[in-house]
Structure formats: structure tokens, C-alpha cells
Amino acid sequence: MMSLRPISAVLLTALLAGCSSQAMPTAASRLAASGLAAKASPKEANAVIAAATNQTFARTSLGITAVLRAPTDVVAQRGLESLYAQAIDKVLPAVDKSLDEAWHPTIMAEFQKQYPPVSDPEVQAYVDGIAARLAKAAGSAPFKVYVSQASVVNAFNAGGHAMMIYSETIRTGAADEAELASVMAHEMVHGLRRHAVHGRVMGLSEGAARHRVAQIHAIPEEEATLVDSYVASLPAPMQQDDDAVLGHLAGKVSPDTLVNVRFWLNDMFAVNTLRRANESEADRLGVRILAAAGYEPQAAVRIFERWNQRKPGDERYYSHPALGSRAGAIKQQIAADGLKGEDRGEERHKAIVARLTPVTGTEVVTPPAEIAGAGCLQGSPWQRLK
């Protein structure tokens, strides 16, 4: 959980969030993004986004007053979704698309210090070829693809035209090239739709909102830590129930602290709703790119159906839609758009899998906090303060 203490909004980021109405990249924006060597540093790019987001804080502050007066939690959650989405829509046009490329060189280098790159040139040429095929179909500038030796199935977009593919995604996660391409097309959409920038704007907006709530309802310093110990004493399922959490805290902490906790829970639900909207958008547009590239679009359905092992739960707590529902939505998209494609690339994929060494281990491979579309299956309603 984020600290209940007032914190500087400029220091916050989110995995990804938000949904805007902007269209897919125009020819002009493709040209602007074609220079993948970012000129701005991550610090400079963050400063530009922070300055633009700061201009929306007055509106956010006014909106928080209304959120705190909402008659129900659902209304509060919808109000927060609207506030954050408005901030994203306002900021994106003010941030040049070239800045989207500022983060991935540093992010990828740091990630590959812990999870080394796959050094086989044929593996690299293989994923580069898929990426080029997908980018051409999308009318996009090229994407840079990194492959790391990691023991889990996952992938992420690091902002702009760059993506990371975990080696086990190629080796065991995808049954053929079309399935791998579906994952890559999904990550490509995260970059084209600027979801990493969405996440940064969301994080800054969240910070401003929480700071405002703490100004209106000041929390006694010692209670910020007490909340964690009280919640930790609940059985795990009850920690995922906002009414149980608030009922357990009642009488143990001040009313102002309860207001902050309720706001934090509603904020989390709102943020995850916006994150799931981005994931659904990446699924929807990704399968279109997949089919346009000549791949079998049903591959995007198959891979999610096979990965779908999560038990049903309260969707408000998940940063990604349930895999079963994603598979169903993609099926509907394929039928509605009449998407066609036949290439599965089984033999090409099988040849590359044979070149990959299994990565053993049971560790949790943690994606960088700054990235978009990490492929995580669910969030946690309560994370203890360290």
C-alpha cells in the first residue's frame, strides 16, 4: 500500500493507467517517433510530464472535494476515474511523442542486469522479424525488441517503441509464432497508445489527490503505520474486502484516518479500472494488427485461454482483466471485424524454441515500476508498508 502520509506527487508513478480518445498514430507522428534514440533523458521527460500534469491539479483538487461527498463508494470510484481520465486527455497533447522514447534505454539496461539478455543472434533476428512485420501492418515506426532470460511467461512495453519479451514466453508460453506475435502486438499497442505516459500522469494525479485528502483530513503520524498492522491481522480474504477493512479499523483509528483509508480503497478501484481499459484496448487493437500482418487472429484467443488459471475474484482488485474474459472479448472482436489470417508459423517457432535454454527457478520476476502492460494477472488490495 502507498503510505497514508502526504507525499510529493512528482515522485509517484503508476504501472499504467488511463484511457483517452486519441487516434492511432498519424503519418506525421510516425515520422516523429522514427528516431528511436531518445534525445531527452528520463529525468527531462518526467519533468515535462510533471509540469503539464501540475496544470491539472487545481481541477483535481476541486474534484476531490466532490468525491469525498459522494453518497456511495461506487460514485466515488467513478468520480476518480473521470478526474484521472480528464488529466490524461489534457496532458497527452502537451507532451511531445518523441519523449515517449526517453525511458526504455535505461529501463531495459537495468532490467537486464538482473535478467541477462538472450545472446543468440538467431533468436534476436526472429523476434525482430516478427516486430517488423507487425509494425508494417500497423503503419508504425520500427520497434526495438529485447529478450531476457527469465523463468516466467511475461512481456512489457517500456514506453514508446520498445518491448521486453521474457525467454520463457517464447519457449513455453507461446505454442506457435502467431501466439507470440499476438503478445508482441499487444505490447506494441501499449507504446502506440502512449500508455506509459498515461501511467505517469495517473501517478502524479493520484499523488495530488491523496495529498489533498490528507490536507482536508489530517492523519495522526503514528496511525499511518498502525493501519498496516491492523489490516495484516485480518485473514487474507478479508484484506480484499473494503467493508471488512473499514469495519475492522473503526474504533481503532481516528475518523480522519478512516476517511483516508476509504479514499485509498476507492482510488485503487478507480485506477485499476483505467488500467484494465488500457489492457482491453491493447487486446482489441493488437488482434487487428495481428490479422493485418497475416497471422491467424485466433492465436490471441488460444494463448489467453491456455494461460487462464486464475480463480474468480473481485475484478476491482485486478490491474488486468481476467484472462478468460479477455479471450471472450477478443473472440467477439474477431467476429465483429471479420478478421482473417492463416499464418501460424509453427515450424519457424519450433526451430527457435530448440535454440533456447530453459530458465529454471521459481522466483517472481518483478517488472520495473515505470513500465506499461506488464502482463500481471492481478493486483493486491493491501500491500504492507516496508
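Structure notes:
- Set VAL145, VAL152: member being without any contact (Cβ under 8 Å) to a residue 40 or more places away in the chain, closer than 25 Å to SER280 by Cβ and surrounded by fewer than 24 Cβ atoms within 10 Å (Cβ to Cβ): VAL145
- Among the residues making up the stretch 272-317, a single one is touching a Lys or Arg at 6+ places or on another chain (Cβ under 7 Å), modelled with pLDDT under 90 and more than 22 Å from HIS349 (Cβ to Cβ): ASN272.
- Restricting attention to the stretch 248-269, the residues that are of a type in the set (Ser, Thr, Tyr) and either without any contact (Cβ under 8 Å) to a residue 24 or more places away in the chain or open to solvent by less than 20 Å² (accessible area, probe 1.4 Å) (or both) total 1.
- Taken as a whole, the condition of being polar (S, T, N, Q), at pLDDT below 95 and in contact with a His (Cβ under 9 Å, 6 or more places away or on another chain) applies to SER8.
- Verdict on MET202 being buried (at least 20 other Cβ atoms within 10 Å of the Cβ) and either under 30 Å from ALA125 (Cβ atoms) or among the acidic types (Asp, Glu) (or both): no
- Residue in the stretch 156-167 that is over 17 Å from the mean Cα position of the chain (by Cα), buried (at least 24 other Cβ atoms within 10 Å of the Cβ) and under 27 Å from ILE49 (Cα atoms) present: no
- Residue match in the stretch 150-157 (condition: closer than 30 Å to PHE57 by Cα, part of a strand (DSSP E or B) and among the polar types (S, T, N, Q)): yes
- Checked against the criterion of being among the β-branched types (Val, Ile, Thr), under 27 Å from the mean Cα position of the chain (by Cα) and either under 30 Å from ASP337 (Cβ atoms) or open to solvent by less than 20 Å² (accessible area, probe 1.4 Å) (or both), the stretch 236-247 contains one or more residues that satisfy it.
- Segments classed as helices (runs of 4 or more DSSP H), wholly inside the stretch 166-268, with at least 3 members that are closer than 30 Å to LYS136 by Cα: 177-192, 195-216
- Scanning the stretch 333-357 for residues that are in a helix (DSSP H, G or I) and within 28 Å of the chain's Cα centre (by Cα) gives GLN333, ILE334, ALA335, ALA336, ASP337, HIS349, VAL353.
- Where a residue in the stretch 104-115 is of a type outside the set (D, E, K, R) and its partner, wherever it lies, is in a helix (DSSP H, G or I), with Cβ under 7 Å and at least six apart: THR106/PRO42
- Any hit, the stretch 123-135, residues being of a type in the set (Val, Ile, Thr), at pLDDT 95 or above, in a helix (DSSP H, G or I) and within 22 Å of ASP283 (Cβ to Cβ): yes
- Whichever residue in the stretch 205-222 is touching a Lys or Arg at 6+ places or on another chain (Cβ under 9 Å) and open to solvent by less than 50 Å² (accessible area, probe 1.4 Å) and, among such residues, is farthest from ALA85 (Cα to Cα): ILE219
- The set of residues in the stretch 223-234 that are modelled with pLDDT under 85 and out of contact with any Leu (no Cβ under 8 Å at 6 or more places or on another chain) contains only ALA232.
The values are calculated or read from the model by the stated rules, or taken from the named source; none is laboratory data. Not measured: the values here are computed from a predicted model. Every residue, glycine among them, receives a Cβ derived from its backbone with ideal geometry; neighbour counts consider all protein chains shown. Note: areas computed on protein heavy atoms with side chains; ligands, DNA, RNA excluded. Shrake-Rupley method; radii C 1.70, N 1.55, O 1.52, S 1.80 Å.
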